[in-house]
């Protein structure tokens with residue numbers, strides 16, 4: 001049972017002794033908080049959620065660290081998620097004991113982070129918090145009540161990017177990439193434009209997955225975990241043939257950090273503003289639509305699992321729409 005007493009410094013101390021859990025003790029500034037913690041903790045102990053073996057109450061940081069080692073480490077995109085977790089652990093909320101976490105704590109975290117990063121980043125961080133807490137409760141036997149993330153409002157996602165190459169940008173980028181001393185950067189740029197593959201997919205392509213004779217490429221390491229086979233254009237085949245080829249190994253043996261650095265330098269050299277390497281995927285996908293491919297055909301090439309996502313890739317330039325209307329207009333009598 002729980003006992004609550006006031007200490008000489010004015011703070012309230014809760015002590016819980018229960019045969020199903022080790023002795024617990026915690027102090028609070030307000031008696032109401034002490035009573036709430038005692039009540040919630042006793043309920044969770046009775047429900048069998050408390051399996052800790054010592055008096056040290058687990059913090060959110062402990063949960064995140066365990067999640068990083070046991071869950072994130074097995075994911076394909078682990079590097080990016082590990083970086084995100086490290087950023088989350090720097091916030092003061094990570095020092096909170098999981099038994100006292102409330103929606104108010106995460107609402108404060110949300111508002112503070114929105115001053116520093118984009119709404120989409122905040123949503124991803126909150127989703128990561130939520131999943132980690134669910135795993136801790138359901139699989140690790142940690143003392144957690146209702147998931148507090150389920151009771152706060154998350155910000156809307158960032159508006160979908162619609163950045164495409166402007167007039168003259170393709171030629172400028174093509175020339176700059178070709179002049180770059182890194183032998184893989186120009187072919188990588190061409191393949192991105194010609195295939196619409198993500199950067200991670202491009203960097204994981206192996207020679208054994210490419211069939212030059214049939215102009216096909218098997219993409220194994222995809223974002224959604226489902227492999228796909230995509231057609232390669234004549235231009236893509238041309239640049240691939242110019243690369244030094246091994247029986248095995250990656251087509252582009254360079255790191256993503258190298259690609260990021262080279263891309264930033266290239267955009268700076270060509271004086272191109274607001275263009276990310278990922279925007280090449282949008283450019284490539286839009287070009288597929290402009291060639292007349294159907295949504296299902298485009299999805300089979302780009303790997304979009306949710307067809308609705310392709311709506312953000314069909315922002316054809318107004319001038320192209322006008323030309324199409326002019327050439328396909330029908331005169332009614």
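Suppose we filter 160, 200, 209 for residues that are free of Cβ contacts under 8 Å to residues at least 12 places away in the same chain and under 30 Å from residue 261 (Cβ atoms); which single one remains? Break it down stepwise before answering.
On the way: 160 fails: free of Cβ contacts under 8 Å to residues at least 12 places away in the same chain; 200 fails: free of Cβ contacts under 8 Å to residues at least 12 places away in the same chain.
The match here is 209.
Of these, 63, 85, which one is at pLDDT 85 or above, in contact with a helix residue (DSSP H, G or I) (Cβ under 8 Å, 6 or more places away or on another chain) and closer than 21 Å to residue 141 by Cα?
Unique residue meeting the criteria: 63.
Any residue that is farther than 23 Å from residue 265 by Cβ and buried (at least 20 other Cβ atoms within 10 Å of the Cβ) - is there at least one of those in the stretch 206-220?
yes
Are any residues in the stretch 28-41 assigned to a helix (DSSP H, G or I) and either at pLDDT below 80 or surrounded by 18 or more Cβ atoms within 10 Å (Cβ to Cβ) (or both), and if so, which ones?
34, 37, 38, 41
For the stretch 221-239, what are the residues that are surrounded by 13 or more Cβ atoms within 10 Å (Cβ to Cβ) and without any contact (Cβ under 8 Å) to a residue 24 or more places away in the chain?
Matches in the stretch 221-239: 229, 238.
Restricting attention to the stretch 242-255, does a residue exist that is on the phi > 0 side of the Ramachandran plot and at pLDDT below 90?
The answer is yes, given that some residue of the stretch 242-255 is on the phi > 0 side of the Ramachandran plot and at pLDDT below 90.
The values are calculated or read from the model by the stated rules, or taken from the named source; none is laboratory data. Just so you know, these numbers come straight off a predicted model, no measurement behind them. Virtual Cβ from ideal backbone geometry, glycine too; neighbours counted across all protein chains shown.
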